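Asker: Please find one structure pasted underneath; my questions will follow.
The values are calculated or read from the model by the stated rules, or taken from the named source; none is laboratory data. Computed from a predicted structure; not experimentally measured. Reconstructed Cβ throughout: ideal geometry from the backbone, glycine too, with neighbour counts over all protein chains shown. The accessibility values were calculated without ligands, DNA or RNA, using every heavy atom of the protein model including side chains. Shrake-Rupley method; radii C 1.70, N 1.55, O 1.52, S 1.80 Å.
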Amino acid sequence: MGQRVSRQDFEWVYSEEPHKTRRKLILAKYPEIKELMGSDHRLKYAVVMMVIVQLISAYLLRNASVLTLLFFGYAWGGVINHSMTLAIHEISHNLAFGPSRPLANRALAIFGNLILGIPYAVVFKKYHLEHHKYQGDDELDVDIPSRLEARFFTRTSTKLLWIVLQPVFYTIRPLMLRPKPLTMLEFYNFFAQLCFDVVLYYTMGWRALLYLSGGTFLAMGLHPVAGHFISEHYMFKKGYETYSYYGFLNCITFNVGYHNEHHDFPNIPGSKLPQVKKIAPEFYDHLPCHTSWVRVIWDFAFDPEIGPYSRIKRRTLSSSNCAEENGADNKAE
């Protein structure tokens with residue numbers, strides 16, 4: 001079973017999240033940062049290429065054994081699919097076509113979503129932007145594990161199980177803790193995915209479908225690239241709630257490891273985030289960071305001081321304030 005996690009509650013703070021303040025300080029000192037803001041024209045080509053590669057791979061593996069499918073799903077296809085989820089993350093910030101073309105961004109996200117096997121892109125955007133706006137909020141930030149998760153997954157063995165099942169919790173947690181009305185875009189996302197899966201099943205067989213969807217599940221759980229889920233906001237050093245990762249896996253994950261930089265400037269594409277750190281090193285060099293996602297997973301599983309409770313939380317905003325801000329966002333979108 002392993003040692004039991006020592007934390008009995010989240011880390012409660014009464015200060016604002018740090019990114020808004022740091023963003024103002026950096027822009028005041030380095031206004032040239034604004035030149036990095038905007039879209040990344042290469043993103044759409046990367047999405048199309050990943051879809052093509054996965055379709056070719058699924059075709060080549062259409063008659064493979066289940067063990068072969070699981071191996072390639074974990075070592076090859078799952079890595080591409082995980083990279084696609086991070087491309088969708090970029091697109092959720094309108095970084096493919098810019099904020100003036102929101103529907104083009106949504107259409108690209110739905111297209112890229114096809115190889116994942118389940119509809120994901122539209123609902124992800126809906127909750128992810130709240131994670132940025134209300135980071136650490138007790139009710140509004142559903143990136144934080146629920147109390148049920150934190151109370152149950154308290155030993156090494158159960159924390160490892162939680163990591164394996166992370167894609168399940170990541171998917172159902174927002175729907176359970178903060179359900180929202182469905183939108184037409186979500187129906188389009190669901191319908192497009194259903195049509196794609198049916199066509200794939202009848203043209204390439206169930207093994208091709210297993211390769212794609214199975215790879216998505218495997219690479220979002222106990223997998224090196226999935227270490228970013230834990231590295232980004234779990235409190236490895238008291239008082240710090242966001243951590244960057246500076247390692248080679250950034251090259252296949254759209255620089256999601258530059259997470260402090262991303263939260264400071266979510267409207268700067270991942271391809272340009274290293275420039276933020278280069279321009280303003282004094283704002284980042286002193287912050288604790290990670291250099292290995294594998295080490296992050298290991299420490300999370302085996303360190304009794306780290307677990308699902310290792311997140312910073314804040315008391316929630318009043319419902320009226322939230323409604324006003326969300327209303328303004330909907331108009332802007």
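Asker: Probe radius 1.4 Å, ligands and nucleic acids ignored: give me the carbon and sulfur share of the accessible area of the chain as a rounded percent.
Answerer: 65
Asker: When only C-alpha pairs under 8 Å and at least 6 residues apart count, what is the relative contact order of the chain, in percent?
Answerer: So the answer I get is 31 percent.
Asker: Which FRET efficiency value, to the nearest 0.05, is calculated for R147 and V13 with the Förster distance at 30 angstrom and r the Cβ-Cβ distance?
Answerer: 0.95
Asker: Let me ask another. When a/c is below 1.5 the answer is rounded, else prolate if a/b is larger than b/c, else oblate, so apply that to the stretch 89-167 with a ≥ b ≥ c taken from the square roots of the Cα gyration tensor eigenvalues.
Answerer: Taking the square roots of the gyration eigenvalues as a ≥ b ≥ c, the stretch 89-167 is oblate.
Asker: List, largest first, the extents of the alpha carbons of the stretch 123-182 along their principal axes, each in whole Å.
Answerer: 35, 21, 16
Asker: Something else now. Regarding the stretch 72-115, what is the average projected area of its C-alpha convex hull, in nm²?
Answerer: 2.7
Asker: Taking 1 over the mean of 1/r across every pair of different Cα atoms in the stretch 1-77, what Kirkwood radius in Å do you get?
Answerer: Hydrodynamic radius (Kirkwood, Cα only) of the stretch 1-77 equals 18.6 Å.
Asker: Classify the stretch 112-227 as rounded, prolate or oblate, taking a ≥ b ≥ c as the square roots of the eigenvalues of its Cα gyration tensor: rounded when a/c is under 1.5, otherwise prolate if a/b is larger than b/c and oblate if not.
Answerer: oblate
Asker: Checking the a/c ratio against 1.5 first, then a/b against b/c, what shape does the Cα gyration tensor give for the stretch 222-282?
Answerer: Oblate.
Asker: Using per-residue counts of other Cβ atoms within 10 Å, averaged over each peptide, order 253-259, 118-124, 159-165 from highest down.
Answerer: Descending mean neighbour count gives 253-259, 118-124, 159-165.
Asker: How far apart, in nm, are two points set 7 Å out from the Cα along the Cα-to-Cβ line at L177 and at Y59?
Answerer: 4.2
Asker: Normalized C-alpha radius of gyration of the stretch 1-140, against 2.2 N^0.38 Å?
Answerer: Compactness ratio reported: 1.38.
Asker: Using alpha carbon coordinates only, what is the Rg to Rh ratio of the stretch 190-267, with Rh defined as the Kirkwood radius?
Answerer: Ratio of gyration radius to Kirkwood radius: 1.15.
Asker: Same structure again: Between L36 and A104, what is the label-point separation in nm under the 7 Å Cα-to-beta-carbon projection?
Answerer: It works out to 2.4 nm between the two label points.
Asker: Could you check the spin-label model distance between V66 and L129? Points 7 Å from the Cα along Cα→Cβ, value in nm.
Answerer: It works out to 4.2 nm between the two label points.
Asker: Additional query: Would you kindly calculate the mean projected area, averaged across all directions, of the convex hull enclosing the Cα atoms of the chain, in square nanometres?
Answerer: Result: a mean projected hull area of 16.7 nm².
Asker: I would also like to ask the following. Can you give the accessible area per residue of the stretch 82-223, in Å², using a 1.4 Å probe?
Answerer: I get 42 Å² per residue for the stretch 82-223.
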